[in-house]
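Asks: One structure coming up, written as structure tokens, with questions to follow.
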Amino acid sequence: MKKKYILWLYLFLFVSMLDIFFTANGESAFRIYSKPLIIISLWFYFYFNSFEVKGTLLRKSISAALIFSWMGDVLLLFPNLFLYGLGAFLMAHICYIIGFKISQTNPFVIGQVNFIRLFLVNLPIYILAAFVYFLVNPGLGNMKIPVVIYLIVIVMMVTTARERYQKTIPASFWQVFIGAMLFLISDGILAINMFFKPFPESGVLVMGSYVLAQLLIVMGIVAHFKDKR
């Protein structure tokens, strides 16, 4: 079984590099073969590597996040389906929020909350999101409401990842948190390229940060439940 799930990880890495190569060389037509394989191979890696949490909400939420991400990847291959792709990734982030929330110690215990401290800790995340919105806002047009909703949800996803600090093992926290931040950065670059100012390096930067984000999130979640054995 171990060899089986490692092969899926190798496939993920191979098709990710292949897709980035196609992106860098402007071979958009070939991406219809490479891009859909990226997340589906990562999902198979997660599936074969998570039998000890079979049937749990954690496994279901992370699986759902990956499946919605795969749907988003496929839909975004077609520019006229951008809004549907955005919706698929919105659902992926909601599923990740659920997964991040339950993959921590005593996730639903409500203690004393210092809202000023919480705001200051999350401030760098808010500043990054606000900066992206400041740049893209003039060019959003009728996409303003969907983009604002999406931005709020992805910020919630990143802050939920940050919330896991000292509530899981360090390896799990840092991988998930860095992955979540890279997801925000990837989407920020995509938004800037689409709604503010296109630049030639955007495709490689978007895909490079995106695949690394997804990999780190999955590896971090796996590290969490492996530690609980």
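Asks: Keeping every protein chain present and rolling a 1.4 Å probe, give me the accessible area per residue for the chain in Å².
Replies: Details: 12130 Å² over 229 residues.
For the chain, the per-residue accessible area is 53 Å².
Asks: To continue, here is another question. If you take the square roots of the eigenvalues of the alpha-carbon gyration tensor of the stretch 1-78 and sort them as a ≥ b ≥ c, do you get rounded (a/c under 1.5), prolate (a/b over b/c) or oblate?
Replies: On the way: a/c = 4.13, a/b = 1.70, b/c = 2.43.
It is oblate, given that a/c is not under 1.5 and a/b is not larger than b/c.
Asks: A follow-up question, please. Identify all aspartates and glutamates with a Cα-Cα distance to LYS197 below 20 Å; exclude those on the same chain that are fewer than 8 residues away in sequence.
Replies: Result set, ordered by chain and number: ASP187.
Asks: Just order 138-145, 217-224 by mean Cβ neighbour count inside 10 Å, highest at the front, would you? Before the final figure, lay out the partial values.
Replies: Values: 138-145: 11.8, 217-224: 23.9.
Top of the packing list down: 217-224, 138-145.
Asks: Using 19 Å as the Cα-Cα cut-off, could you pick out the over-long pairs in LYS54/LYS167; LYS101/LYS226; LYS60/LYS167; LYS60/LYS226; LYS35/LYS144; LYS101/LYS167?
Replies: Values: LYS54/LYS167 22 Å; LYS101/LYS226 17 Å; LYS60/LYS167 21 Å; LYS60/LYS226 16 Å; LYS35/LYS144 27 Å; LYS101/LYS167 10 Å.
The answer is LYS54/LYS167; LYS60/LYS167; LYS35/LYS144.
Asks: (i) 23; (ii) 20; (iii) 53: which one is percent of Cα pairs over 30 Å apart as calculated from this entry?
Replies: (i)
Asks: Share of the stretch 1-56's accessible area from carbon and sulfur, percent, 1.4 Å?
Replies: Working: 2350 of 3320 Å².
That share works out to 71 percent.
The values are calculated or read from the model by the stated rules, or taken from the named source; none is laboratory data. Remember, it's a predicted structure, so these values are computed and weren't measured experimentally. So basically every Cβ, Gly included, is an ideal-geometry build from the backbone, and we count neighbours across all protein chains shown. The protein model used for the area step is the full one, side chains on, heavy atoms only, and it has no ligands, DNA or RNA in it. Shrake-Rupley method; radii C 1.70, N 1.55, O 1.52, S 1.80 Å.
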